[in-house]
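Take a look at the structure set out below.
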Amino acid sequence: MGAVVVAASLLAGGFLTAGVDDLVIVDSGRTDYEIVVTPKEFPTTHLAAEELRRYIGRATGVKLPIVGAASAGRYQIHIASTNRLKPNGFAIQTHGRDVYLRGHDSAGRARSVDYIEPTHRGTCNAVYEFLERFVGVRWFWSDPLGEVVPNTGRIVVPASFVLKQEPRFEYRALIHGPTGSRGGDWARRNRLGSEHQMRHGHALHRLVPIDEWARRGHPEFAAMRAGTRRLKPARGNTGGHVCTGNPDVVRMIAKAATTYFASNPERRSFSISLPDGSGVCTCDLCTRYDVPGLKVPDGVHKGWPVITDRILQFYNSVAALVSAEYPDRLLGAYIYMDYLYPPIQTPALHPMVMLLVAPNKAMDIWNDEVWAFYQDLFRSWGAFHERVYSYDTCYLSRRMYGLPAPMGDRAADMIRLFDEAGLRGVYLYIGPTWESMGPDLYLLSRLLWDPKMDVERARREYYGLLYQRAARPVRAYFETAARCWREGRSFDRDAVARLANTLTQTKEWARTPLAELAVGYGPNLATLERYVIEAERLAAGDELLRRRVARLRDNYTLTAATVAGLRTVFDYELAPRKDRRMLRPLIDVIETRETLIDRVGRSYAPVLRDTLRFADDYVGSPLLFGGHHHKLARR
């Protein structure tokens, strides 16, 4: 509540009014305060002091001294670590004329957030809360253009102020986003991080390389499909499936875990997740745990056997062996694809197993039917096991190609569902630029700390402080973009299929998403551009605001070029008589798109450049520079 009051005051151009007993930290270029952090404190505790000094200095022009012990004749802001709070939790309290910022910190010199060797940063979180609440600082984006640091002459802290906060989720990660959003300064300042080490990636293909073991006389370690052992090695994280019912395989994986823990006594978790993709074993040892007749009900894997019980049996078997030597460690394990659904026959899961439930449906939870399934899924898993986490995709570049696709209110609904279901942590794919999902990246980071936060107030704060007088059209732009994504996904399926089927040079699974972008965004391009033009008009005369809105223009240009290019290809492919001259507009469209991708990639969006270049090449996009349709257009 206090942070919103500060923001509203700043927007109005005023300052908080000090009461008689309130603490005036800075006033008109002077201060009676110093920052106290003792030399024995952790490096991250000293970082907290540096951050407080830096941003108070930027806001007021006054740099508070940092000292190792209190000086006579001054008031103090004490920054100190404590283990009386949960990891990363903090407390802010005034006592007399002094301020105390305490937090649960731990050793570690890295400034970046790390999920493998996590550093607890309670005092940093206390400082960031102080700066947000009493100074009005915000970190909406990871680069300086996305920072809000008000120019103020006065900082006031209410007398007898007490605040304690601890994170609701012990694991808070946003990945594949803009530079700094996963582990950099932005992630730290927006309180992402982990209570303990998290290892849960696809692993079995590395722990038991089936091709190597086959050469050593053990082809039975590989998964069997259609009566034949599949000995082809994994490609990246995909393939290389093992026979999870083979007791020797179980022992080998358990041995790999215990060896890892013996060699890394400070590490707490080890992944035993299956490789990505299909290809699990169908031998009698594995299928004996399957529920006869139980099939995946829908989606691309509709009709496949549900194999959850066999996978949980495997996880339990490994955990039983590992726990005999390391009962206090954790084993990361995915729940995914044809083992996404809750078990029928398995009564319980070993307590050392931490499940990462990965439905890959967050992009579509705006759909009420999908949302109902999503709620049932996480409530069921949350009730089944004590240590459950979510792993999902809010944005996927090879489906959305950098176009704006905010989640809207369902972003908050999703995090609150995880809270209600008792999940322990959340790991989400996000968009490659700050414009990919509008305010969602900022809101998700805050919701992962406190799912009960006032989302609408935070959303108004995002638009109001970042876009100021252009807030209204910018918000309208992103709300329209959210509708575009939903309209494309719900468009007449026969019409979408007719367009998708023309993209014969594109990988089959990637054709429908491209068609959906064309039908969803195409009819709304004029509306989107109108909001951009209005935002540009309102930003005129304010260089900082103009530069922020210029990124919105880049986002629109990418959207318009993508849609125009797709429409050109569809018109050509659907024409009764193909005339390559119909493709000539594609030359300018692709060059416009490539020029934009290159420019923003060299300046503020290298992740967008890299993901789009990869996606275009990987799927055989009709917008690929030098690709099939581009070559036809240039003949």
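The values are calculated or read from the model by the stated rules, or taken from the named source; none is laboratory data. Everything numeric in this text was worked out from a predicted model, so none of it was measured. Because the Cβ atoms are built from the backbone with ideal geometry, glycine has one as well, and the counts that use them run over all protein chains shown.
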Is it fair to say residue 399 is out of contact with any Leu (no Cβ under 9 Å at 6 or more places or on another chain) and surrounded by fewer than 24 Cβ atoms within 10 Å (Cβ to Cβ)?
-> no
Of the candidates 156, 127, the one satisfying the condition of being surrounded by fewer than 23 Cβ atoms within 10 Å (Cβ to Cβ), touching a residue at least 12 places away in the same chain (Cβ under 8 Å) and not in a loop (DSSP other than H, G, I, E, B) is 156
Flagged in region 286-316 as closer than 20 Å to residue 349 by Cβ and aliphatic (A, V, I, L, M), in numbering order, are 291, 294, 306, 307, 311, 312
Tell me, yes or no, whether region 227-234 has at least one residue that is within 30 Å of residue 432 (Cα to Cα) and touching a strand residue (DSSP E or B) at 6+ places or on another chain (Cβ under 7 Å).
-> no
So which of 341, 289, 334 is in contact (Cβ under 8 Å) with a residue 60 or more places away in the chain, surrounded by 15 or more Cβ atoms within 10 Å (Cβ to Cβ) and among the aromatic types (Phe, Trp, Tyr)?
-> 334
Residue, nearest to residue 66 (Cα to Cα), within region 26-41, restricted to residues that are in a loop (DSSP other than H, G, I, E, B) and touching a strand residue (DSSP E or B) at 6+ places or on another chain (Cβ under 9 Å) | 37
Counted residues in region 227-268 being of a type in the set (Ser, Thr, Tyr), modelled with pLDDT of 95 or more and within 29 Å of residue 117 (Cβ to Cβ) come to 4
Say we look at region 19-47 and pick out the residues that are β-branched (Val, Ile, Thr) and more than 17 Å from residue 102 (Cβ to Cβ); which of these is surrounded by the fewest Cβ atoms within 10 Å (Cβ to Cβ)?
-> 20
Might you check whether a residue that is in contact with a strand residue (DSSP E or B) (Cβ under 6 Å, 6 or more places away or on another chain) and under 24 Å from residue 512 (Cβ atoms) occurs anywhere in region 435-449?
-> no
If you scan region 164-196, which residues turn out to be surrounded by fewer than 24 Cβ atoms within 10 Å (Cβ to Cβ), part of a strand (DSSP E or B) and either of a type in the set (Lys, Arg) or over 16 Å from the mean Cα position of the chain (by Cα) (or both)?
-> 164, 165
So residue 443, is it touching a residue at least 24 places away in the same chain (Cβ under 8 Å) and over 16 Å from residue 141 (Cα atoms) | no
Which is surrounded by 14 or more Cβ atoms within 10 Å (Cβ to Cβ), touching a helix residue (DSSP H, G or I) at 6+ places or on another chain (Cβ under 8 Å) and of a type outside the set (Val, Ile, Thr), of 566, 574?
-> 566
Quick count over region 112-134, residues being in contact with a Ser or Thr (Cβ under 8 Å, 6 or more places away or on another chain) and within 14 Å of residue 45 (Cα to Cα), is 6
Find all pairs meeting these conditions: Cβ atoms under 7 angstrom apart; at least six residues apart or on different chains; first residue within region 412-429 and in the same structural domain as residue 334 (by TED's automatic domain parsing) and of a type in the set (A, V, I, L, M); second residue at pLDDT 95 or above and not in a helix (DSSP H, G or I).
-> none
When only residues in region 197-226 that are assigned to a loop (DSSP other than H, G, I, E, B) and in contact with a strand residue (DSSP E or B) (Cβ under 7 Å, 6 or more places away or on another chain) count, which is farthest from residue 446 (Cα to Cα)?
-> 223
Counted residues in region 602-635 being under 17 Å from residue 511 (Cβ atoms) and of a type in the set (D, E, K, R) come to 2
Which number in (1) at positive phi; (2) in contact with a strand residue (DSSP E or B) (Cβ under 6 Å, 6 or more places away or on another chain) marks the one condition that residue 299 misses?
-> (2)
With respect to residue 616, determine if the residue is over 31 Å from the mean Cα position of the chain (by Cα) and assigned by TED's automatic domain parsing to the domain that holds residue 515.
-> no
How many of the residues in region 335-357 are closer than 15 Å to residue 384 by Cβ and in a loop (DSSP other than H, G, I, E, B)?
-> 12
Please find, within region 207-252, the residue that is surrounded by the most Cβ atoms within 10 Å (Cβ to Cβ) out of those that are hydrophobic (A, V, I, L, M, F, W, C), within 26 Å of residue 316 (Cα to Cα) and in contact with a Ser or Thr (Cβ under 8 Å, 6 or more places away or on another chain).
-> 223
Taking the stated definitions as given, is residue 382 assigned by TED's automatic domain parsing to the domain that holds residue 172 and at pLDDT 95 or above?
-> yes
Can you give me the ranges of the helices (runs of 4 or more DSSP H) entirely in region 358-445 with at least 2 residues that are under 26 Å from residue 129 (Cα atoms) and of a type outside the set (A, V, I, L, M)?
-> 410-420
Some residue of region 63-83 being assigned to a loop (DSSP other than H, G, I, E, B), among the basic types (Lys, Arg) and modelled with pLDDT of 95 or more | yes
Could you list, in sequence order, all residues of region 591-635 that are of a type in the set (D, E, K, R) and not in a helix (DSSP H, G or I)?
-> 635
Given (1) over 28 Å from the mean Cα position of the chain (by Cα); (2) of a type in the set (Asp, Glu); (3) closer than 30 Å to residue 174 by Cβ, where does residue 98 come up short, assuming only one miss?
-> (3)
Search result, residues across region 474-517 that are part of a helix (DSSP H, G or I), more than 24 Å from the chain's Cα centre (by Cα) and hydroxyl-bearing (Ser, Thr, Tyr) = 490, 512
Taking residue 267 as the residue in question, decide whether it is of a type in the set (Lys, Arg), surrounded by fewer than 21 Cβ atoms within 10 Å (Cβ to Cβ), part of a helix (DSSP H, G or I) and under 35 Å from the mean Cα position of the chain (by Cα).
-> no
Filter region 270-286 for residues that are among the hydroxyl-bearing types (Ser, Thr, Tyr) and under 16 Å from residue 336 (Cβ atoms); which is surrounded by the fewest Cβ atoms within 10 Å (Cβ to Cβ)?
-> 278
